[in-house]
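The structure appears below as structure tokens.
The values are calculated or read from the model by the stated rules, or taken from the named source; none is laboratory data. Computed from a predicted model, the values in this text were never measured in an experiment. Every residue, glycine as well, gets a Cβ built from its backbone with ideal geometry; the counts of neighbours run over all protein chains shown. Surface accessibility is based on the protein's heavy atoms, side chains included, excluding ligands, DNA and RNA. Shrake-Rupley method; radii C 1.70, N 1.55, O 1.52, S 1.80 Å.
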There are 2 protein chains.
Amino acid sequence: MPSYKAPIRDLQFVFHELLNADDTLGTLPGYEEMSPDLVDAILEEGAKLCETLLQPINQSGDLEGCRFTDGQVSTPQGFKEAYQTYAEGGWPSLAADPEFGGQGLPETLSFMMEEMINSSNVSFGLYPGLTRGAISALSQHASDELKSRYLPKMVEGTWAGTMCLTESQAGTDLGLIRTRAEPASEGTYRISGTKIFITGGDQDLTENIVHLVLARITGAPPGVRGISLFLVPKFLSDAQGAPGESNAVSCGSIEHKMGIKASSTCVMNFDQAEGYLVGPENKGLACMFTMMNSERLAIGIQGLGLAEVAYQNAVEYARERLQSRSATGAKAPDQPADPLLVHPDIRRMLLTTRAYNEGARAIAVWTAVNIDIAHRHPDPAAREAADDLVALITPLIKAFFSDYGYETTTLCQQVFGGHGYVREWGMEQFVRDARIAQIYEGTNGVQALDLVRRKLFIHEGRLPERFFDLLDGYIKQQQDNDSMRPFIDPLTQASNLLQGLTGWLKKRGEENPDELGAAATDYLRLFALTALAYFWAQMAGIASTKENDETGYYGTKLATARFFMGRLLPQIHGLAEGIRSGSGLLMDYEESEF
Amino acid sequence: MPSYKAPIRDLQFVFHELLNADDTLGTLPGYEEMSPDLVDAILEEGAKLCETLLQPINQSGDLEGCRFTDGQVSTPQGFKEAYQTYAEGGWPSLAADPEFGGQGLPETLSFMMEEMINSSNVSFGLYPGLTRGAISALSQHASDELKSRYLPKMVEGTWAGTMCLTESQAGTDLGLIRTRAEPASEGTYRISGTKIFITGGDQDLTENIVHLVLARITGAPPGVRGISLFLVPKFLSDAQGAPGESNAVSCGSIEHKMGIKASSTCVMNFDQAEGYLVGPENKGLACMFTMMNSERLAIGIQGLGLAEVAYQNAVEYARERLQSRSATGAKAPDQPADPLLVHPDIRRMLLTTRAYNEGARAIAVWTAVNIDIAHRHPDPAAREAADDLVALITPLIKAFFSDYGYETTTLCQQVFGGHGYVREWGMEQFVRDARIAQIYEGTNGVQALDLVRRKLFIHEGRLPERFFDLLDGYIKQQQDNDSMRPFIDPLTQASNLLQGLTGWLKKRGEENPDELGAAATDYLRLFALTALAYFWAQMAGIASTKENDETGYYGTKLATARFFMGRLLPQIHGLAEGIRSGSGLLMDYEESEF
């Protein structure tokens, strides 16, 4: 059975040392009481919860899966109790608004907790994760009355949230949505239609479920301009605000999936269900995007979380499993064979995982800090700058983190040989669970299109320029630092390549929009690798000043930075050449030729 | 439910046009009666069997899996009947020696059939696949008496074969094997020990099972030099040679795996079981390698087979699923959205799969032709040359085909969005089934080591030189052909890179063997991509002379050749830089730093 130990030291390094987040966040209004000790205490408490409560029911949850009986979903054994402990511990309210019972801590802390939850139990994490997203959408777009009725219960974790977008004919293309909303008495609506792939659409963890549903009000224009957002509770509130009468919402069935089997994925039927408009009529998609952006980041973190736990277990196996001798002579001559860890190709798989993880962790926490700045900074220009960076980086986190999560859980499974393929070792579950993150909340292809067709162009191309300014500034600052050359040289090369390709691509895309689509996936990966190089260079810069620390932490960090630059970053060359090959190679086929 | 149509036209192109195999094989002794019509008839019959018999029980087989009750394995519903039809149709005997009841047809035909079987039902294919490997090991190494007692039944498919190597402490490292063989009466041995991960170790398809078991004869030297090969039947033969008394071999349990669930993976207990020596004492590993090399090629073909069926289903979905509009304007204005196939990123995923598949198919059939030459050519020099190429290419086929098989079944699953992740569409099964091919029969890391540590060096480095001579010869022959420039230029670049790196790597490896291990996986991929480029260039050369053919087949072939050169081959640049980064990045870590 796999084990997990939260990487607290590395989270602390990123938060306190790399990003100096104590200072940045501590000066934001509302966060004055933050302190390094508080951050560390929360990380340690969160780690304990994940290690001792969520991780132990991960494998059993996969084996048992969710059940659907008499129209009700049951989660696997132990989930209900774990959820109760999680909610009672105040975890759902960590970063929520004190007005609704939240603890008002920075999003950044919630983000770091998210990684640990995903390492422990992705299926479990989806239930509160969607609630967090729904809280954020309601906080921004719902009426005060809806907020006061729903948010306190959601913040305390007694009620959950869902996101009801997909219909059988409308996945990526939400313009095709058919669910209807008819105006009814007292400003309410009657919602009718069928939604599919609804995570947590039904479950037995909370006393009520708050569905956020996209639907068309009678007479609305076709396409995405005629979609509105509704709050549709499983149980209507009684006079005291407690769950009363059942609403006309029911779960029709659950999906049998490749992974995340302990997370219910439901077909939800709305049959004249009572619903309440959230945000303006016909602006539902924009309101839902508040939730979707939050979920997209959370999904990316699933990749990081799974890759981290897979790494830990693969390292442990590679240390203990004795198989073959080192090519340079026996390393454990008193044993029948050497541990796997002596073999370079085993190390390649482990270090690939590790280098992505530590780089991704830095990007994730940096993004979270920017979310907090965007929410709270007194200076509008600072808020705008931070918001731009978050908007730019969101598709990179969602797509690249989930891609590398799948690739590296696969590598870690490979370290186990045949044992990786059988159920009992738990490694194949990580791979199956990781796979979904590339698909849901907008496939990774859609993320890449969001990057190249939208994020590169909006606000006169300001978003990528913000990031390139960071790159250029850092490279310039380090250019006379000889000891940093092994990191700054490859970063400079990557940055030049990325910036050059960005200009080239935008120009080509203006002439032929298919050029953007043809380049999108490879361009996103090249961008993400460059962003990783930027953070790895900074981490190396800090580590190089503390290399002789007796724990060895900084020396290892430097070694991993070198590995990233030498072994992983070079992918950019192939990607660049692929991007430059243009759309003709893809589009010069007749449909019949496939 | 997925569907499958065997790619007969493409197999015919490779066999008849690209490789001109009718002439090559037709002049080999024993194959004089081969004709293009015979080849086509066998392909068509084989296709029918796969499409109508094996494919329809693939998804149900995954769902049901194998069962283990009272010490007996049952295969899923329909497998027994399908196996009977398969055996009665003479498919197990296709390429087997007429002396033992075989049809004596070229291995090449068996190889092409293998692709179709793996597209239809990998789990099913493993049962007769291992029998084929066992037949080949027994044919080469067993005594005449063993051959006459076992081969006829195996060739007719009434008895099956297995390969019993792995023990819990001995996976990659077969030197650690503990299973014992004590000499007993009349030249027999008593075999005792436990083997794990035995594919088809027990099943209900055949009346007997012939286990090929690696074990140590009492007093044998330690390590791989003390291992012998034994034939251990499930049932001992009675006086008439029919299965009589049970041997002391039993199945202890079966594994619960990520995929290939309809293939039984058994723990096998040998408890003083009667066994017969195959080949010389203490030379068991060499004898077993006859079977392992055959299996390694077969495993590679699993990657191709699964990628082909995944491609077909993804194309069909992309044609029918309407979602979003083309970026260049509606292509199906009378429909609510355009088919997925209009989107460049969908095409990228499909064409990646297709370009690998068609290139891999060419390599596979070319390798099979070389196997036939190596077996039958009257000129020893021609046999040696062919055998060298097969030995060189075996790890490439096993590792690269299974790697790209996993990557591209994943891409094809991605085309389905959320539907790809749920069981009913069948796409996630292809991914789970594909995953094992990277692991068993020697992990892909072990294949890469076989390439760089063994195949590059044996016979004074003759093996890679044989292949480089082919590359150089073809490039030279085409160098004045301007119309071939788009194919020859990238091929030349790849060939120069590969040949340069090969020399560099061998030199570095002689100084420090860890350099070989550090480079192995990336080097293997770079080699495989260059081999694909060589075959794609040749296919483009043929297609360009027939481009105006009214079926459109050759025009599409040319387009796919261009896609391969422009979009997939560029990976070599990143791989080359990664290889050159050397072993220090991996080995300069203390074990405690992981």
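In the range B:281-293, what count of residues is obtained for those that are under 27 Å from B:Tyr356 (Cα atoms) and surrounded by 23 or more Cβ atoms within 10 Å (Cβ to Cβ)?
Taking the range B:281-293 as the starting set, the residues that turn out to be under 27 Å from B:Tyr356 (Cα atoms) are B:291-293.
Retained after the next criterion (residues that are surrounded by 23 or more Cβ atoms within 10 Å (Cβ to Cβ)): B:291.
Qualifying residue count for the region: 1.
For the range B:486-497, state whether one or more residues are among the acidic types (Asp, Glu) and at the interface with chain A (Cβ under 8 Å from one of its Cβ atoms). Don't jump to the end; show me each part of the working.
Going through the range B:486-497, the residues among the acidic types (Asp, Glu) turn out to be B:489.
Keeping just the survivors that are at the interface with chain A (Cβ under 8 Å from one of its Cβ atoms) gives none.
No: zero hits.
Given the conditions (1) at pLDDT 95 or above; (2) open to solvent by 20 Å² or more (accessible area, probe 1.4 Å); (3) away from chain B (no Cβ under 13 Å), which single one is not true for A:Phe527?
Of (1) at pLDDT 95 or above; (2) open to solvent by 20 Å² or more (accessible area, probe 1.4 Å); (3) away from chain B (no Cβ under 13 Å), only one is false for A:Phe527: (2).
When you look at A:Ser544, is it under 23 Å from A:Trp366 (Cα atoms) and open to solvent by 40 Å² or more (accessible area, probe 1.4 Å), yes or no? Before the answer, list the steps.
Values: under 23 Å from A:Trp366 (Cα atoms): yes; open to solvent by 40 Å² or more (accessible area, probe 1.4 Å): yes.
Criteria met by A:Ser544.
For B:Asp345, all conditions in the list (1) free of Cβ contacts under 8 Å to residues at least 24 places away in the same chain; (2) surrounded by fewer than 22 Cβ atoms within 10 Å (Cβ to Cβ); (3) of a type in the set (Asp, Glu) hold save one; what is the number of the exception?
All conditions pass for B:Asp345, except number (2).
Looking at (1) crowded, with 22+ Cβ neighbours inside 10 Å; (2) modelled with pLDDT under 95, can you tell me which one B:Asp588 breaks?
Every condition holds for B:Asp588 apart from (1).
Please work out if B:Asp70 is under 24 Å from B:Tyr553 (Cβ atoms), surrounded by fewer than 19 Cβ atoms within 10 Å (Cβ to Cβ) and without any contact (Cβ under 8 Å) to a residue 24 or more places away in the chain. First the steps, then the outcome.
Details: under 24 Å from B:Tyr553 (Cβ atoms): no; surrounded by fewer than 19 Cβ atoms within 10 Å (Cβ to Cβ): yes; without any contact (Cβ under 8 Å) to a residue 24 or more places away in the chain: yes.
No; evaluated as a whole, the condition is false for this residue.
So that you can scan it fast, the table gives a plain yes or no per residue for (1) over 30 Å from A:Lys147 (Cα atoms); (2) assigned to a helix (DSSP H, G or I); (3) among the basic types (Lys, Arg):
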| position | (1), (2), (3) |
| --- | --- |
| A:Ile57 | yes, yes, no |
| A:Ala82 | no, yes, no |
| A:Thr85 | no, yes, no |
| A:Ala96 | no, no, no |
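Within the range A:23-37, how many residues turn out to be part of a helix (DSSP H, G or I), touching a residue at least 12 places away in the same chain (Cβ under 8 Å) and open to solvent by 30 Å² or more (accessible area, probe 1.4 Å)?
Qualifying residue count, the range A:23-37: 2.
Give B:Thr408, B:Thr394, B:Thr367, B:Thr352 a once-over and let me know the one that is open to solvent by less than 10 Å² (accessible area, probe 1.4 Å), within 14 Å of chain A (Cβ to nearest Cβ) and among the hydroxyl-bearing types (Ser, Thr, Tyr). Give the steps one after another, and end with the answer.
Values: B:Thr394 fails: within 14 Å of chain A (Cβ to nearest Cβ); B:Thr367 fails: within 14 Å of chain A (Cβ to nearest Cβ); B:Thr352 fails: open to solvent by less than 10 Å² (accessible area, probe 1.4 Å).
Matching residue, one of B:Thr408, B:Thr394, B:Thr367, B:Thr352: B:Thr408.
Residue by residue through the range A:276-309, note down the ones that are aromatic (Phe, Trp, Tyr) and part of a helix (DSSP H, G or I). Step through it out loud before you land on a result.
So in the range A:276-309, the residues aromatic (Phe, Trp, Tyr) come out as A:276, A:289.
Residue satisfying the conditions is A:Phe289 alone.
So A:Pro98 ticks every box in (1) touching a Gly at 6+ places or on another chain (Cβ under 7 Å); (2) open to solvent by less than 30 Å² (accessible area, probe 1.4 Å) but one. Which box is left unticked?
(2)
What are the residue pairs meeting all of these: first residue in the range A:423-439, first residue free of Cβ contacts under 8 Å to residues at least 24 places away in the same chain, second residue outside any helix (DSSP H, G or I), Cβ atoms under 8 Å, and 6 or more apart or on different chains?
Matching pairs, first to second residue: A:Glu428/A:Tyr421; A:Glu428/A:Val422; A:Glu428/B:Lys257; A:Glu428/B:Met258; A:Ile439/B:Tyr421.
I'd like the full set of residues that are surrounded by 12 or more Cβ atoms within 10 Å (Cβ to Cβ) and part of a helix (DSSP H, G or I), limited to the range A:467-483.
Across the range A:467-483, the qualifying residues are A:Phe467, A:Phe468, A:Leu470, A:Leu471, A:Asp472, A:Tyr474, A:Ile475, A:Gln477, A:Gln478, A:Ser483.
Has the range B:166-180 got at least one residue that is open to solvent by less than 20 Å² (accessible area, probe 1.4 Å), part of a strand (DSSP E or B) and within 27 Å of A:Gly417 (Cα to Cα)?
Yes, the range B:166-180 contains at least one residue that is open to solvent by less than 20 Å² (accessible area, probe 1.4 Å), part of a strand (DSSP E or B) and within 27 Å of A:Gly417 (Cα to Cα).
Kindly indicate whether B:Thr131 is farther than 25 Å from B:Ile363 by Cα and in a helix (DSSP H, G or I). First the steps, then the outcome.
Details: farther than 25 Å from B:Ile363 by Cα: no; in a helix (DSSP H, G or I): yes.
Answer is no for this residue.
Considering only residues of the range A:206-217 that are buried (at least 23 other Cβ atoms within 10 Å of the Cβ) and in contact with a helix residue (DSSP H, G or I) (Cβ under 6 Å, 6 or more places away or on another chain), which is nearest to A:Ala160 (Cα to Cα)?
First, the residues of the range A:206-217 that are buried (at least 23 other Cβ atoms within 10 Å of the Cβ): A:206, A:209-215.
Narrowing further to those that are in contact with a helix residue (DSSP H, G or I) (Cβ under 6 Å, 6 or more places away or on another chain): A:210, A:212, A:214.
On the way: A:Val210: 6, A:Leu212: 11, A:Leu214: 17 Å.
My answer is A:Val210.
Answer yes or no as to whether A:Arg296 is more than 14 Å from every other protein chain (Cβ to nearest Cβ), among the basic types (Lys, Arg) and closer than 30 Å to A:Gln429 by Cβ.
Numbers: more than 14 Å from every other protein chain (Cβ to nearest Cβ): yes; among the basic types (Lys, Arg): yes; closer than 30 Å to A:Gln429 by Cβ: yes.
Judged against the criteria, A:Arg296 is a match.
Given (1) more than 14 Å from chain B (Cβ to nearest Cβ); (2) over 29 Å from the mean Cα position of the chain (by Cα), where does A:Pro222 come up short, assuming only one miss?
(1)
If I ask for residues that are open to solvent by 10 Å² or more (accessible area, probe 1.4 Å) and among the charged types (D, E, K, R), which ones from the range A:433-466 would you list?
Of everything in the range A:433-466, those that are open to solvent by 10 Å² or more (accessible area, probe 1.4 Å) and among the charged types (D, E, K, R) turn out to be A:Glu441, A:Asp450, A:Arg453, A:Arg454, A:Lys455, A:Glu460, A:Arg462, A:Glu465, A:Arg466.
Can you tell me how many residues within the range A:556-580 are of a type in the set (S, T, N, Q) and either touching a residue at least 40 places away in the same chain (Cβ under 8 Å) or crowded, with 22+ Cβ neighbours inside 10 Å (or both)? Walk me through how you get there before you give the answer.
As a first pass, look at the range A:556-580 and keep what is of a type in the set (S, T, N, Q): A:556, A:560, A:571.
Now drop any that are not either touching a residue at least 40 places away in the same chain (Cβ under 8 Å) or crowded, with 22+ Cβ neighbours inside 10 Å (or both), which leaves A:560, A:571.
The number of residues fulfilling the criteria is 2.
Here are some residues: B:Ala310, B:Ala318. Which one is surrounded by 19 or more Cβ atoms within 10 Å (Cβ to Cβ), within 9 Å of chain A (Cβ to nearest Cβ) and at pLDDT 95 or above? Step through it out loud before you land on a result.
Values: B:Ala310 fails: within 9 Å of chain A (Cβ to nearest Cβ).
The conditions single out B:Ala318.
Taking only the range A:244-278 into account, find how many residues are open to solvent by 20 Å² or more (accessible area, probe 1.4 Å) and of a type in the set (Gly, Ala, Ser).
Number satisfying all stated conditions: 6.
Taking into account only those residues within the range B:530-541 that are of a type in the set (Gly, Ala, Ser) and closer than 21 Å to B:Ser483 by Cβ, which is surrounded by the fewest Cβ atoms within 10 Å (Cβ to Cβ)? Give the derivation first.
We begin by selecting, within the range B:530-541, every residue of a type in the set (Gly, Ala, Ser); these are B:531, B:533, B:537, B:540-541.
Now drop any that are not closer than 21 Å to B:Ser483 by Cβ, which leaves B:533, B:537, B:540-541.
Numbers: B:Ala533: 27, B:Ala537: 25, B:Ala540: 24, B:Gly541: 20.
The extreme case among them is B:Gly541.
Within the range A:504-516, which residues are open to solvent by 40 Å² or more (accessible area, probe 1.4 Å) and in a helix (DSSP H, G or I)? Step through it out loud before you land on a result.
Step one: of the range A:504-516, the residues open to solvent by 40 Å² or more (accessible area, probe 1.4 Å) are A:504, A:506-508, A:510-513.
Scanning the range A:504-516 gives A:Trp504, A:Lys506, A:Lys507, A:Arg508, A:Glu510, A:Glu511.
Taking the options A:Asp37, A:Asp10, A:Asp22, name whichever one is within 29 Å of A:Leu558 (Cβ to Cβ), of a type outside the set (A, V, I, L, M, F, W, C) and under 21 Å from the mean Cα position of the chain (by Cα). Quick ask: steps written out before the conclusion?
Working: A:Asp37 fails: under 21 Å from the mean Cα position of the chain (by Cα); A:Asp22 fails: under 21 Å from the mean Cα position of the chain (by Cα).
The match here is A:Asp10.
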